1. Among residues belonging to region 150-185 that are among the small types (Gly, Ala, Ser) and assigned to a loop (DSSP other than H, G, I, E, B), point out the one that is surrounded by the most Cβ atoms within 10 Å (Cβ to Cβ).
2. So which of GLY223, GLY165, GLY239 is farther than 30 Å from SER33 by Cβ and not polar (S, T, N, Q)?
3. Would you call ALA232 outside the structural domain of ALA10 (by TED's automatic domain parsing), touching an Asp or Glu at 6+ places or on another chain (Cβ under 8 Å), farther than 19 Å from THR67 by Cα and free of Cβ contacts under 8 Å to residues at least 12 places away in the same chain?
4. So which pairs qualify, if the first residue must be in region 5-29 and surrounded by 11 or more Cβ atoms within 10 Å (Cβ to Cβ), the second must be part of a strand (DSSP E or B) and among the basic types (Lys, Arg), the Cβ gap must be under 8 Å, and the two must be at least 6 apart or on different chains?
5. Would you confirm whether or not region 203-223 contains a residue that is under 30 Å from ALA10 (Cα atoms), at pLDDT 90 or above and in contact with a Lys or Arg (Cβ under 7 Å, 6 or more places away or on another chain)?
6. Cβ-Cβ below 7 Å, separation at least six or inter-chain, first residue in region 144-160 and under 14 Å from MET190 (Cβ atoms) and touching a residue at least 60 places away in the same chain (Cβ under 8 Å), second surrounded by fewer than 17 Cβ atoms within 10 Å (Cβ to Cβ) and of a type outside the set (A, V, I, L, M, F, W, C): which pairs?
7. All but one of (1) under 20 Å from ARG56 (Cβ atoms); (2) surrounded by 13 or more Cβ atoms within 10 Å (Cβ to Cβ) hold for GLN131; state the number of the condition that does not hold.
8. Quick one: ALA170 ticks every box in (1) touching a residue at least 12 places away in the same chain (Cβ under 8 Å); (2) out of contact with any strand residue (DSSP E or B) (no Cβ under 9 Å at 6 or more places or on another chain) bar one, so which box is it?
Amino acid sequence: MTAPPAYSVAQTFPAAPRGRFQFDRHYLLYASSGSMRLDAEGTAWSLPPARAALIRADEPIDVTITTTIACRSVLFAPEIYPAPDAGVSVFDVSPLARELILECAQWGPETDGQSGYATSLFQALANVAWQAASNPLRLSMPLARSDTVRRAIELTEAGLTEDLGFADLARQLATSERSLARHFSDELGMTWRQAQQRLRVIRAVEALAASDRPVTDIAFSLGYNSMSAFNAAFRALTGKTPSEYRASFRPAE
């Protein structure tokens, strides 16, 4: 039996280490709970609940599932639906997109002979998702090109809960602060402090999705000394306060 031009599947994935995947269809991945990280085209994306990722067909991606994640996915045949501009894009899901995702859930890969109504719904969903993907979230980090910066990012993320300084980091990497700063600017387009700040906010988003821990606990566990500093950094990247962002996690049925 030939799969229909577009279809929907419900999926649940347990936490898992980084692994490589490639799909032969454009893949709209809507996370209803849990979170994951997607690495592709030189960028690492965080996918929190109530957001979606649009993945272009045949785009190799590295996936790390940070917590058990429940998803509603829609797959689109590339010979019928145009390729998204980006290999991967993570974006906010509008109420219209969410309702279209839920309405399309009744047509799976084994559905025989989709009606004109189903075809029009999948097309409407594609139109909305492709447009939303052109305005991605900022919950991403450029991927390092050199071993030095790659290791620096790993050490920085591992030390988010500690008082890690740039001089300490350079010393651990057996390089000079000046050289390391130049590497960050050339490869990531940001300073180490800006990278650390972004990693902290991304980790905070994942922590907000993973449990009902108080926001203050999350802030202090990530090295913030005041709630005002945490709220300012969080709002600068997401446009919301941590409490507002947590409230926006609306699971799909």
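The values are calculated or read from the model by the stated rules, or taken from the named source; none is laboratory data. Keep in mind the model is a prediction, meaning the values are calculated, not measured. Cβ: placed from backbone, ideal geometry, glycine included. Neighbour counts: every protein chain shown.
1. Result: GLY159.
2. GLY165 is the lone residue from the list that is farther than 30 Å from SER33 by Cβ and not polar (S, T, N, Q).
3. It is false that ALA232 is outside the structural domain of ALA10 (by TED's automatic domain parsing), touching an Asp or Glu at 6+ places or on another chain (Cβ under 8 Å), farther than 19 Å from THR67 by Cα and free of Cβ contacts under 8 Å to residues at least 12 places away in the same chain.
4. Close Cβ pairs (under 8 Å, with a partner that is part of a strand (DSSP E or B) and among the basic types (Lys, Arg)) amount to SER8/ARG72; VAL9/ARG72; ALA10/ARG72.
5. Within region 203-223 (the criterion being under 30 Å from ALA10 (Cα atoms), at pLDDT 90 or above and in contact with a Lys or Arg (Cβ under 7 Å, 6 or more places away or on another chain)), the answer is yes, since at least one residue qualifies.
6. Cβ pairs passing all conditions: none.
7. It is condition (2) that GLN131 fails.
8. Tallying (1) touching a residue at least 12 places away in the same chain (Cβ under 8 Å); (2) out of contact with any strand residue (DSSP E or B) (no Cβ under 9 Å at 6 or more places or on another chain), ALA170 fails exactly one: (1).
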